[in-house]
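Data block below; observations after.
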Amino acid sequence: MVTGDHTPVAALLDVAAVREAARSLHAAFRAVAAPGQPVLHTFAVKAASLVPVLRLLDGEGIGCEVASPGELALARAAGVPPERTVLDSPAKTRTELREALGAGIALNADNPGELARLDALSPAPQARVGLRVNPQVGGGAIGAMSTATATSKFGFPLRDEGARPWLVRAVLDRPWLTRLHAHVGSQGIPLELMAEGVRALYELAEEINAAAERELGHRRIDTLDLGGGLPVDFASDATDPSYADYARLLARTVPGLFDGSYGLVTEFGRSLTAKAGTVLARVEYAKSAGGRRIAVTHAGAQLAVRTVFAPDAWPLRVAAYDAKGRPRTEAPVVQDVAGPCCFAGDLVARSRRLPPLDEGDYAALLDTGAYYFSTPFAYNSLPRPGVYGYA
């Protein structure tokens, strides 16, 4: 694994922890859903775009939410069936739309232009097509992760002038539009704001269905896709908030969501795998500059892109181990933990109090099972780390 000059960094994924997270997700929604209510949980492939991870989650009854042809190819390679795959992207090509419809994959249209392209493709009435709605309920602590702001690039803006009647009419005129989708965000988003986004989605579905019953004699929207995931606690081992917390909040905020009137889809990502992952990097050199210790390791921006470029929003815990893999227990000292990339800002920890890291020791970047080792940054053409599942 992390032995010798050819493998100075590795990624570890706790398979049992991923399974436990998937099972807790199923249990949380079972506890509040109506008997027999269809609930499809999907995994946001961008969070851990590795075929063995997708296959592992598929074995736990978790499908795939994909946002590109590449992610769809990974889902297919993992054996995830079309009926448990959802395509979301703000920039789907005509080819992507045509292929998704042909394969029986559910998709959510992002904007009027995409809806016009779908019109030209004449989806069959049984196609699983939805509209992505931006409920415009506001943002959270991380602007880049907030997808329901007034000017978000995603979805049909629900609160813009004239948008609501336009959306109702769009669905009534298209028998193949049977779904609604919304995504408020995940990291930095309070659960209450996420629930408000779901409430807005549910109320729009009820309005559309009331109009459909009056005009067509039957309901039109049958499925609500609750996009987004849970924030992850990167400061401790805690797994708060839990799936049960979120499901209970949804049941209180939107009671009709779980009365069996609608099938539900979820798209959790980071919360399913983040806590299960660790990046382990060898300390190549220990040095000092300006009175501060610096541990130069083999894990930097090529793995921890967000942490390096937005450290305040994406801080990571770092654990120190000696050359034999034992925890370092010396008194902490202030030090930087640097990566191998050739620019000065390549630091995964700044002015951090840690046991002193020396040459040959190991720095462990914790909670990195999502958006870290599976989506590397190609700076300096550094190699991707091996990813090792363990139980």
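The values are calculated or read from the model by the stated rules, or taken from the named source; none is laboratory data. Predicted model, so just to flag it, every value in this text is computed and none were measured. Here the Cβ is made from the backbone with ideal geometry for all residues, glycine too, and neighbour counts use every protein chain on show. Each accessible area value is taken on the protein alone, full model and side chains, heavy atoms only, with ligands, DNA and RNA left out. Shrake-Rupley method; radii C 1.70, N 1.55, O 1.52, S 1.80 Å.
Residues whose amide H falls under 5 Å from that of ALA182, counting only those 5 or more places apart or on a different chain, are VAL133, ASP225, GLY227, with hydrogens built in the peptide plane. Shape call for segment 72-208 from the C-alpha gyration tensor, a ≥ b ≥ c root eigenvalues: rounded (a/c under 1.5), prolate (a/b greater than b/c) or oblate? Here segment 72-208 falls in the oblate category. Beta-bridge orientation, the chain: approximately 40 percent antiparallel, per DSSP, counting only bridges with both partners inside.
Scanning residues 5 or more positions from THR147 or on other chains, those with amide H under 5 Å from its amide H are GLY185, with H placed 1.01 Å from N in the peptide plane. Relative to 2.2 N^0.38 Å, what does the C-alpha radius of gyration of segment 261-314 come to as a ratio? Two decimals please. Here the answer is 1.79, to two decimals. What separates the Cα centres of segment 251-268 and segment 2-51 is a distance of 21 Å.
Taking a ≥ b ≥ c as the square roots of the eigenvalues of the Cα gyration tensor, segment 150-267 is prolate, since a/c reaches 1.5 or more and a/b is larger than b/c. The order of the peptides 46-53, 256-263 by mean Cβ neighbours within 10 Å, most packed first, is 46-53, 256-263. The C-alpha atoms of segment 1-130 occupy a region whose extents along the principal axes are 57, 44, 22 Å, arranged from largest to smallest.
Dipole magnitude for the chain: computed about the Cα centre from +1 point charges on Lys and Arg Cβ and -1 point charges on Asp and Glu Cβ, it is near 300 debye. Put simply, the C-alpha atoms of the chain give a gyration tensor, and the ellipsoid matching it has half-axes of 42, 20, 19 Å, longest first. Summed over the residues of segment 274-368 and divided among them, the accessible surface reaches 43 Å² per residue at a probe radius of 1.4 Å. Of the solvent-accessible surface of the chain, computed with a 1.4 Å probe over protein heavy atoms with every protein chain present, carbon and sulfur atoms account for 54 percent. Quick check: from the Cα gyration tensor, does segment 230-364 come out rounded (a/c under 1.5), prolate or oblate? In terms of gyration-tensor shape, prolate.
Peptides 147-153, 335-341 ranked from most to least packed give 335-341, 147-153, packing being the mean of other C-beta atoms within 10 angstrom over each peptide's residues. Ranked by the mean number of other Cβ atoms within 10 Å of their residues, highest first, the peptides 5-14, 379-388, 168-177, 63-72 fall in the order 63-72, 5-14, 168-177, 379-388.
Keeping every protein chain present and rolling a 1.4 Å probe, give me the accessible area per residue for segment 112-207 in Å².
Heavy-atom SASA per residue in segment 112-207 reads 41 Å².
For a straight C-alpha distance cut-off of 23 angstrom, the lysines reachable from LYS275 (same-chain residues fewer than eight places away being disregarded) are LYS46. Taking all protein chains into account, the per residue accessible area for segment 10-72 stands at 36 Å² (1.4 Å probe).
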